[in-house]
Each structure stands twice: as C-alpha cells, then as structure tokens.
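See below for the structure under consideration.
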Amino acid sequence: MTAPIFAAAQSISVAGDIRANLVRHQCFMQAAAEQHVQLLVFPELSLTGYERGLAAELAILPEDGVLQPLRDLARELGLSAVVGMPIRLSADAPVLIGALVLGADGSLGVYSKQHLHPGEEVAFAPGHGGSMLAMGPEHVALAVCADFSHASHAAAAVERGATLYAAGVLITEGGYMTDTTMLQGYARQHGMTVLMANHGGATGGWESAGRSAIWGPDGSLIAAAPGTGDLLVIARRAAEGWAGHVVPVATL
C-alpha cells in the first residue's frame with residue numbers, strides 16, 4: 001500500500017442539527033475522496049456543534065443508525081472518517097465526547113475524550129481513549145481537544161507506536177498560539193506527524209480560530225488553513241518528503 005493521504009476537515013457545524021451536519025459531512029467526504037484522501041478527521045463534536053446544553057439530548061450509542069449514511073459513504077469511497085459526536089456506551093451510561101471512526105472497510109471504532117476542559121464536567125464524563133488506527137505504514141493515535149494539553153497523552157501515543165497524532169478540536173483565537181505551539185512541539189519532540197482539525201466557524205457560543213494545520217515529524221508546517229471557513233487541509237508523503245495543500249469545500 002502506498003503512503004496514505006491525510007486531511008483535516010475544517011467544517012462549520014449547524015447547532016444541534018444532526019441531519020444538516022450529516023449532509024455537510026458527506027460533502028466533505030466526497031471532496032476528500034476526489035483528493036484521494038484515505039483518512040479524514042473532523043473537529044470536536046462536529047455532528048452536533050460544540051453544544052454542551054444539547055449533549056444529553058443528542059447523545060447516541062455508537063452503533064446508532066443515524067450514522068449509517070456516513071458509514072455507507074465511507075465504505076463506498078474507500079475512505080475512513082473520524083467524526084465528532086456526544087455518545088453513551090450504554091443506554092444509562094454518562095455522556096462522553098466521542099470521536100467515531102467510520103472505517104473504509106465498514107468497521108466502527110470508538111474513541112472518547114479522556115481529559116475535559118474546565119466546565120465540560122457539567123455535560124460530560126471523562127472518556128476512555130481508544131485503539132490505534134492502522135493506515136498502511138502509518139499508525140494513528142486520536143485525541144480530542146483538551147487531551148493534547150496533557151503531554152502524557154501524546155507521549156503515551158508514541159509509546160504505543162504512533163506515527164500520526166490526529167486531534168479534532170475547538171480552539172479560539174485566544175488559545176491558538178499556545179495550543180499550536182504545543183502541537184508543533186509534539187511533532188518535533190516525538191518525530192511524528194501531527195494533524196489538527198479545528199471548527200471552521202462559531203459554535204456553542206465560541207468563535208473558532210479555524211486555521212487547521214498539519215505538521216511534519218520534524219515540526220515543520222506541511223499545510224494550514226488561512227483562516228475560517230469550510231476547508232480541507234491535506235498532507236501526503238512522497239519520496240522527496242511531505243507536501244500539503246488546502247482545498248475549499250462547497251457544502252449544501
């Protein structure tokens with residue numbers, strides 16, 4: 001298998017409207033497939049928006065049929081997508097911040113956010129992480145936003161053999177410099193590629209900074225969105241090294 005192509009989906013979520021967000025995700029997946037992307041990572045809680053007050057009402061079991069259109073499309077396109085959703089692991093379990101891996105082979109993987117931001121405990125419980133993803137020669141470790149603020153989280157990923165650390169996030173302008181410096185530092189320190197998929201617009205009362213980015217294993221910037229908006233940030237590894245570009249996405 002050739003080296004996979006990764007992308008951050010810098011998407012704008014419609015608050016609490018899963019149906020509308022499913023359509024937007026499908027547009028991103030189609031656009032990514034046209035770019036031969038094999039792993040597409042969406043922002044934190046991308047299918048609902050970062051809507052803490054709606055999380056309990058909107059939370060699903062990972063196997064819920066609401067995700068079937070995306071699972072079918074992932075298989076049809078031969079693309080794996082990591083989508084953000086509030087989840088429960090059983091009907092009476094607490095709500096977690098989930099990153100669900102819709103596999104190109106029809107499989108379903110579950111990652112749940114392990115470290116909460118202050119204030120998130122009113123709506124969510126800490127999660128349990130999840131398994132590494134194998135993408136050809138690459139081993140992908142997932143993170144959701146505050147997870148990466150703990151250096152031990154990235155270090156544990158490296159110990160498990162991660163070559164790509166992929167985070168779905170909500171980062172505002174005020175935190176952007178601190179957070180991206182940290183992520184870029186992980187790339188350089190651990191010699192792994194780091195992908196950050198940020199929201200493309202306002203969500204949950206927060207103004208996202210956008211500017212999703214991917215850094216190479218030497219810490220150099222491969223590609224970054226210039227601002228907010230619906231965009232794909234794409235990275236591919238060739239014989240001469242990493243290359244990246246940004247593609248606008250038309251959503252319905």
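The values are calculated or read from the model by the stated rules, or taken from the named source; none is laboratory data. None of the values given here were measured: they were computed from a predicted structure. All Cβ positions, even for glycine, are placed from backbone atoms using ideal geometry, and neighbour counts span all protein chains on display.
Things to note:
- Residue match in the stretch 220-227 (condition: more than 29 Å from Pro118 (Cα to Cα), among the small types (Gly, Ala, Ser) and surrounded by fewer than 20 Cβ atoms within 10 Å (Cβ to Cβ)): yes
- Candidate set: the stretch 196-213, residues that are among the hydrophobic types (A, V, I, L, M, F, W, C) and out of contact with any helix residue (DSSP H, G or I) (no Cβ under 9 Å at 6 or more places or on another chain); chosen: the one nearest to Ile12 (Cα to Cα): Ala202
- Remark: pairs (first residue in the stretch 171-192, under 23 Å from Arg160 (Cα atoms); second residue acidic (Asp, Glu) and outside any helix (DSSP H, G or I); Cβ separation under 8 Å; 6+ apart in sequence or on different chains) = Ala187/Asp218; Arg188/Asp218; Gly191/Asp218.
- The number of residues in the stretch 217-247 that are part of a loop (DSSP other than H, G, I, E, B) and under 17 Å from the mean Cα position of the chain (by Cα) comes to 4.
- Positions within the stretch 1-55 being modelled with pLDDT under 95 and more than 20 Å from Ala213 (Cα to Cα), in sequence order: Met1, Thr2
- Those residues of the stretch 140-150 which are of a type in the set (A, V, I, L, M, F, W, C), free of Cβ contacts under 8 Å to residues at least 40 places away in the same chain and either within 13 Å of Asp179 (Cβ to Cβ) or in contact with a His (Cβ under 8 Å, 6 or more places away or on another chain) (or both), in sequence order: Ala143, Ala146, Phe148
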